[in-house]
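In what follows, a structure is listed as structure tokens, so that the remarks can point back to it.
The values are calculated or read from the model by the stated rules, or taken from the named source; none is laboratory data. Keep in mind the model is a prediction, meaning the values are calculated, not measured. Backbone-built Cβ (ideal geometry, glycine too); neighbour counts: all protein chains shown.
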Amino acid sequence: MLSRVAERLYWMARYLERAENTARLINCYNNLIMDIPLGSEPSWTLLVDILDAKDDFQKHYAKQNERNVHKFLTGKASVPCSIPFGIEAARENVRTTRDVLPEEAWEQINELHLFATANANAYSSRRTRLLFLENVIKHCQAISGLLETTQSRDHAYRFIKLGRLIERADMTARTVDVGAGDILDREGINASIDPILWGALLEAVSGKSAYRRTVGPIVDKEAIVEFLFNAEDFPRSVMFCLTEMRRELGSLPNRDETITSVDRIRRKLRRANPSRKSRPELHKFIDSLQLGLIQVNNDFKLHWFHRGEP
């Protein structure tokens, strides 16, 4: 396989996963604010902080309000963390690699792009916003399902899966870092809504049902943090993503250094016991975790891509 093809498949998967995760995150927050008392909700800029886009947001908007945050994340195609940007970037990567993907992949990604373009002003009201976000999630899941069920298990499939997994691990870590951090900072101010906030954190990564089946119905902050980082059988936990990445890497050439980088993060996760860390300790731990994921991404560039992000 040509390195440019592998790179484009990898980034196609990352951008699709990023668009889906961002849509789910925004959707979850919109549902959350309807379930808790007025004035007790987290700031809207929490969404921007999770995506590490505060500087970009401040360049475009002076006011940190609901409308501007949604316009930034769902309507501004020029911003790298926005949903339209991710969809456009995924489409461009699919356009140039159509010959190694199922025929229907181009049709579905193009439909998603047309939908996102036609609904560029979906941020104007909560009702249209929620419909837009739900449709983006469904479209992304349909594309992922198509690739998972029809793609040959060759190198093309492996790079798609690696891109999806590293993006998912990164997003889960970001969500816990900022989301759990905000809840811990506010802990005790309005204790009655803390379980709702922790439940919303699980919903942001589609983990509520899996958590209940694995851990139980009681929402416990330490159990949630441990579950999202170290659950062996939950597809969106950081540990699960790393384990699957290691498995896919085993079939690639020049893999030894990358496997070493992945194993280093897995050992760090097993030793760290993140659920028992204080707020500053948890933030520091997640920072080191994300640095490890950046190193894995750099390993991909060094050993298989040999150039920058498309």
- Query: Across segment 110-123, which residue is farthest from TYR15 (Cα to Cα) among those that are free of Cβ contacts under 8 Å to residues at least 24 places away in the same chain and assigned to a helix (DSSP H, G or I)?
  - Reply: ALA118
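Would you confirm whether any residue within segment 105-127 is among the β-branched types (Val, Ile, Thr) and touching a Cys at 6+ places or on another chain (Cβ under 9 Å)? If you could, list the steps in order and put the result at the bottom.
Within segment 105-127, the subset among the β-branched types (Val, Ile, Thr) is 109, 117.
Narrowing further to those that are touching a Cys at 6+ places or on another chain (Cβ under 9 Å): none.
No, the conditions are met nowhere in segment 105-127.
With the condition kept exactly as written, say whether any residue in segment 157-167 is exposed (fewer than 15 other Cβ atoms within 10 Å of the Cβ) and either of a type in the set (S, T, N, Q) or closer than 30 Å to PRO42 by Cα (or both). Steps first, please.
If we filter segment 157-167 for residues that are exposed (fewer than 15 other Cβ atoms within 10 Å of the Cβ), which is where we start, we get none.
Looking for residues that are exposed (fewer than 15 other Cβ atoms within 10 Å of the Cβ) and either of a type in the set (S, T, N, Q) or closer than 30 Å to PRO42 by Cα (or both), one finds none in segment 157-167, hence no.
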- Message: Taking the conditions exactly as written (of a type in the set (Ser, Thr, Tyr) and at pLDDT 95 or above), does TYR10 satisfy them or not?
- Response: yes
- Is it the case that segment 268-280 has a residue that's farther than 16 Å from GLU167 by Cα, at pLDDT 90 or above and surrounded by 16 or more Cβ atoms within 10 Å (Cβ to Cβ)? yes
- Item | Matching option when the condition is of a type outside the set (Val, Ile, Thr) and touching a Gly at 6+ places or on another chain (Cβ under 8 Å), among ARG212, ARG264, ARG247 | ARG264
